[in-house]
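Notes follow once the structure below has been shown.
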Amino acid sequence: MIEKRLVFLFPGFEPLRADAQVERFQRAAKRSAAVWGAELALSTPRTDGSGSSPFSTFDATLSGPGYRTDTEIVVCDWSDLIRAYAARPVLTRLVTGLVALGDFLVTGTVFRYLRTSWRYGFFYAFPLAMLLFALVPALFAFSWLAWLVPGAPGVLAGLAAAALVAAALLHWVNRRLHLLVALDDWAMARDFCRGRNPLILARIERQAAEIRRRSAASDAEEIVFAAHSLGASLAILAIDRAIRDGLPVHREHVLTVGSSLLKTALHPAARDQRDAVRRLVVDRQLPWVDCQGLSDPINFYKSNPATSLGIADGRTPVVIRVRFKHLVRPETYRRIKRDFFRLHRQFVLAVEQRCAYSFHMLLLGPRPMADFAATGTVALPPLAATAPMTPDLPAPRAATGGTR
């Protein structure tokens, strides 16, 4: 049983400040603990120095009959970098997002997505489809007015109408479906792959230094690097650099959920990311669990963080598949199943019924991460199991990953 754990948490791509990330984690952890009949105590979050630190820390104690686990959570925030992309003018966000989409296409990365996990193609096509949704009616409005009113007045009227239609539809699409956030995501991913944003690289180095410092000062029995979505791309490089600079590997475990690591690692310019994965898997043989969701087009379902990159040696990450319909009540699933951004966040949100996967019970519960890797479920003693558990997928087979 784990009595003391240290967790480094890498959030996904969201312009959500660190305090909001912590508040959401704590709120969801309380709800999940209640589902499992556990007692949860949470401390007030703290930051280093002035409060502008990219690291927020808080403590959690989960307890129940026969167990108590104390966990220190360190949120490795990078939302300020994301918000910098969101603070740019709208036209800049549109152009850089389209340039990024073009980059991933002409380099062949999109076709690697389709070979690896064809569902990810929907997320690639989403911004393009939304832009067409706005531009086709605008083009129709221009053509109609230019035909209706002969000469230059018709052209000018058509251009004005087209601009108004396009602006109105883009505004609606952005409010409802977060188009600009998606384009920022692709723009930042391109900069990350090509090393075009030195602030990202500097943040990774700082995260690596913080990992070394806090790990050296901790007597935790288990250290978990937990990353969601595009946060996995930063986490893998930060872990690799921390080990390179002296972090001993004997109690560490990687947990990626809804990972977008392959979004960047499959780009031909992202050699450093592929090399980092190889070192973690082959040289360090770091235990790694990757959780994937069938109905989530923003993660690489039926992929493997190593073998999908052509890395067949070493300690292959264990892949565990999650069914969101088993995490929440039926009415909740009916409400969120067509909102793929909301589904993607479900990896790190509260569960509403007992099931095999719970992000918060994985990070706060008494069983080591290795048990989840071996069994594919958090529903193990001594975590309360008196109420019936919702059935979920069986434990992963060796073919989907596994420790070698």
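Looking at the chain, how many pairs of lysines come closer than 22 Å at the Cα, when each pair is eight or more places apart or spans two chains? Intermediate values should be presented prior to the final figure.
Numbers: 4/30; 30/325; 263/302; 302/325; 302/337; 325/337.
Lysine pairs meeting the criterion: 6.
Please list, in order along the stretch 348-356, the HN-Hα scalar couplings obtained from phi with the Karplus expression 6.51 cos²θ - 1.76 cosθ + 1.60 (θ = phi - 60°), rounded to whole Hz, x for Gly and Pro.
Those phi angles translate into 10, 9, 5, 8, 10, 8, 5, 7, 6 Hz.
How much of the DSSP bridge set in the chain is antiparallel, in percent, rounded to the nearest 5? Write down the numbers at each step before the final one.
Values: 16 of 43 bridges.
If I count the DSSP bridges inside the chain, around 35 percent turn out antiparallel.
Any idea what % of Cα-Cα pairs in the stretch 252-370 are farther than 26 Å?
25 percent
Step by step: find N for the stretch 55-202, compute 2.2 N^0.38 Å, then divide the Cα radius of gyration by it. What's the final number?
Numbers: Rg = 22.1 Å, N = 148, 2.2 N^0.38 = 14.7 Å.
Its radius of gyration relative to the 2.2 N^0.38 Å reference: 1.51.
Taking all protein chains as present, what is the carbon and sulfur share of the accessible area of the chain, in % to the nearest whole number, probe 1.4 Å? Don't skip to the end; give the middle numbers.
Numbers: 10120 of 17180 Å².
Summing carbon and sulfur atoms, their accessible area is 59 percent of the total for the chain.
Grab the DSSP H runs of the chain that are 4 residues or longer, score each as -39,500 (n - 2.57), total them, divide by all residues and round the 222 nm result to the nearest 500 deg cm²/dmol.
Numbers: 15 runs with 196 residues, N = 404.
Value at 222 nm, helices only: -15500 deg cm²/dmol.
Stokes-Einstein diffusion coefficient for the chain at 37 °C in a medium of 0.692 mPa s, Rh from the Kirkwood formula over Cα pairs: what value in µm²/s?
Reported coefficient: 147 µm²/s.
Any idea how far the Cα center of the stretch 315-368 sits from the one of the stretch 187-202, in Å?
30 Å
Only residues of the stretch 61-101 count here: report those whose backbone N is under 15 Å from the spot 7 Å along Cα→Cβ of residue 163, or say none.
The answer is 91.
For the chain, with every protein chain kept in place, what is the accessible area per residue (1.4 Å probe, Å²)? Intermediate results must be reported in sequence, preceding the final value.
On the way: 17180 Å² over 404 residues.
Counting only protein heavy atoms, the per-residue value for the chain is 43 Å².
The values are calculated or read from the model by the stated rules, or taken from the named source; none is laboratory data. Small disclaimer: the values here were computed from a predicted structure and weren't measured. All Cβ positions, glycine included, derive from the backbone under ideal geometry; neighbour counts span all protein chains shown. SASA here: full protein model, heavy atoms, side chains in, ligands and nucleic acids out. Shrake-Rupley method; radii C 1.70, N 1.55, O 1.52, S 1.80 Å.
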